[in-house]
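Step one of this worksheet: look at the structure below.
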Amino acid sequence: MHSLGFRVNALLTLGVTVLALMCVIASLSDNLSVPSPSANVQVLNFNWFQKQSEGNEEVSLTFKIAADLQSMFTWNTKQVFVFLAAEYETPKNSLNQVSLWDGIIPSKEHAKFLIHTTNKYRFVDQGSNLRGKEFNLTLHWHVMPKTGKMFADKIAMTGYRMPKEYR
Amino acid sequence: MDWQGQKLAEQLMQILLLAFAVVAFATGYISGSFQMMVLIYAVGVVLTTLVTVPNWPFFNRHPLKWLDPSEAEKHPKPQEAVSAKKKPAKNMI
């Protein structure tokens with residue numbers, strides 16, 4: 001501590017180390033709260049269902065998503081990335097996941113929402129397996145903290161079925 | 001700064017930074033605002049810098065008593081002992 005430069009160095013080093021410790025404890029404090037999210041998806045209409053020239057089937061659907069993700073937000077949450085995926089099984093792949101819609105929730109107030117939309121991204125199958133196919137609509141979310149590790153979770157909603165014929 | 005002052009400066013720095021960290025974390029957690037925590041801690045760092053880094057007079061309350069130059073001249077460093085010690089050290093290398 002004999003010179004000014006020495007003291008500045010010591011202060012900055014200790015300051016940054018203590019800041020890092022605070023961030024670690026802040027990140028660990030997230031585990032104290034238990035989240036309880038809920039979601040519900042309704043398929044309102046299958047707009048069209050066609051086989052493309054390459055042999056792959058494509059479907060367009062309109063759906064309504066009602067979700068409450070407010071309990072996911074803590075003081076250490078920056079934003080929550082949420083997306084809706086259609087999941088189904090084919091003879092070629094044991095799991096197909098097609099993302100239909102996604103969004104970013106920037107704050108707790110926006111975390112309770114009702115979205116009525118057609119699929120943002122195209123729903124194209126690898127082949128032609130979709131006629132009459134049963135599929136799940138799973139809402140996935142990634143919670144991005146201000147400091148710490150990001151974690152992901154999901155709710156699977158089952159019981160949706162594709163139309164039997166092209167339209 | 002003198003020796004006592006340096007020790008005081010180091011202790012003050014550590015205690016102040018830790019205290020501000022605890023207060024900042026508690027305030028941020030209770031108010032649910034991460035920004036509040038970072039702000040209070042930043043204020044704390046600035047305050048600690050102002051208290052411990054400049055050479056304040058209260059860090060110099062036990063000044064060192066250096067020997068008067070005229071007094072030092074009366075007791076010169078012995079020359080013979082220095083040259084005698086150097087030769088054996090060179091042989092060992």
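Please give the calculated 222 nm ellipticity per residue for chain A, where each DSSP H segment of at least 4 residues contributes -39500 (n - 2.57) and the sum is spread over every residue; nearest 500 deg cm²/dmol?
Values: 1 runs with 26 residues, N = 167.
After summing the helix terms and dividing by the residues of chain A, the value is -5500 deg cm²/dmol.
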Q.
Whole-Hz ³J(HN,Hα) for each residue in segment A:154-167, computed from phi via Karplus 6.51 cos²θ - 1.76 cosθ + 1.60 with θ = phi - 60°, x for glycine and proline: what do you get?
A. 7, 10, 9, 10, 9, x, 9, 9, 6, x, 7, 10, 5, 9
Q.
Of the candidates A:Gly15, A:Gly132, A:Gly148, which one comes out as most mobile in a Gaussian network treatment of chain A with C-alpha springs shorter than 10 Å?
A. A:Gly15
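Within segment A:49-83, which GluC sites (Glu not before Pro) sit in a loop by DSSP and count at most 10 neighbouring Cβ atoms inside 10 Å?
On the way: sites: A:Glu54, A:Glu57, A:Glu58; in loops: A:Glu54.
For GluC sites (Glu not before Pro) across segment A:49-83 that sit outside H, G, I, E and B with at most 10 neighbouring Cβ atoms in 10 Å, the list reads A:Glu54.
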Q. Each residue of segment B:54-59 in order: what ³J(HN,Hα) in whole Hz does its phi give by Karplus 6.51 cos²θ - 1.76 cosθ + 1.60, θ = phi - 60°, with x for Gly and Pro?
A. x, 7, 5, x, 5, 8
Q) Using Cα atoms only, what is the angle between the long axis of helix A:4-29 and the major principal axis of chain A, expressed in degrees (0 to 90) to the nearest 10? A) 40 degrees
Q) Mind listing the phi-derived Karplus ³J(HN,Hα) values for segment A:52-59, rounded to whole Hz, using 6.51, -1.76 and 1.60 with θ = phi - 60°, and x for any glycine or proline? A) 6, 5, 7, x, 9, 7, 10, 10
**Q.** Gyration tensor verdict on segment A:2-82 (Cα atoms; rounded if a/c is under 1.5, prolate if a/b is larger than b/c, oblate otherwise)
**A.** prolate
Q: Starting from the amide H of A:Phe123, placed 1.01 Å from N in the peptide plane, find each other amide H under 5 Å away whose residue is 5 or more places distant or on another chain.
A: A:Val59
Q.
Compute a Gaussian network model of chain A, connecting alpha carbons closer than 10 Å, and tell me which residue from A:Thr138, A:Thr118, A:Thr17 fluctuates the most.
A. A:Thr17
Q: Could you check which residue among A:Val82, A:Val24, A:Val16 shows the biggest mean-square fluctuation in a GNM of chain A with a 10 Å Cα cutoff?
A: A:Val16
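Is there a pair in A:Lys92/A:Lys133; A:Lys120/A:Lys149; A:Lys146/B:Lys7; B:Lys7/B:Lys74; A:Lys64/A:Lys154 whose C-alpha atoms are over 25 Å apart, and which pairs would that be? Walk me through the intermediate numbers first.
Details: A:Lys92/A:Lys133 14 Å; A:Lys120/A:Lys149 28 Å; A:Lys146/B:Lys7 37 Å; B:Lys7/B:Lys74 34 Å; A:Lys64/A:Lys154 17 Å.
Checking Cα-Cα distances, A:Lys120/A:Lys149; A:Lys146/B:Lys7; B:Lys7/B:Lys74 exceed 25 Å.
None of the figures in this text is laboratory data; all of them are computed from the coordinates on show. Keep in mind it's a predicted model, so treat the numbers as computed, not measured. So basically every Cβ, Gly included, is an ideal-geometry build from the backbone, and we count neighbours across all protein chains shown.
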